[in-house]
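One structure coming up, written as structure tokens, with questions to follow.
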Amino acid sequence: MTAPNLVPVPIPDGVAALIGSCMPLGVLQAEIDAECAAREAMRFRAPFCPEDRADREHALAVLARANKILAAYNPGLVVRPGLAR
């Protein structure tokens, strides 16, 4: 049985710290980078001026680089722009 509309539940800081202590430092940094890059990429709205297009492409490149690290560690950690986790 699957639940299509799952509601995200915040986890306490202590639990997040415990989970983070079990992960390699590079994966934690990649997760932070991916979240920031996804937020940055969604900040731009069309029509794009050349500067906005370059900034958005840079954010998407950072997101792709971070997702590559996250997917190698655990495919469930991959971040997509516009989708809240």
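Select one label from (1) 1.07; (2) 1.15; (3) 1.26: the one whose number is Cα Rg over 2.2 N^0.38 Å as derived from the coordinates shown.
Computing Cα Rg over 2.2 N^0.38 Å and matching it to (1) 1.07; (2) 1.15; (3) 1.26 gives (3).
Now for a different question. In a Gaussian network model over the chain where Cα atoms closer than 10 Å are linked, find which of D13, D55, D33 has the largest mean-square fluctuation.
Residue with maximal mean-square fluctuation among D13, D55, D33: D13.
So how strong a dipole does the chain carry about its Cα centre when Lys and Arg Cβ are +1 and Asp and Glu Cβ are -1, to the nearest 20 debye? Could you put the intermediate results ahead of the total?
Numbers: 9 positive and 9 negative charges, 49 e Å.
Magnitude of the dipole: close to 240 debye.
Which net charge results when you count Lys and Arg as +1 and Asp and Glu as -1 among the other residues whose beta-carbon is under 11 Å from that of P81? Write down the numbers at each step before the final one.
Details: positive: R39, R43, R56, R80; negative: E35, E40.
Spelling it out: positives minus negatives among the neighbours equals +2.
Can you compute the helix-only [θ] at 222 nm over the chain? Use -39500 (n - 2.57) per DSSP H run of at least 4 residues, normalise by all residues, nearest 500 deg cm²/dmol.
Values: 3 runs with 52 residues, N = 85.
Result for the chain: -20500 deg cm²/dmol, rounded to the nearest 500.
Here, each number is a calculation from the coordinates, and none is a lab measurement. Owing to the predicted nature of the structure, the values given are computational and were not obtained by experimental measurement. Counting neighbours? That spans all protein chains shown, and the Cβs are built from the backbone with ideal geometry, glycine included.
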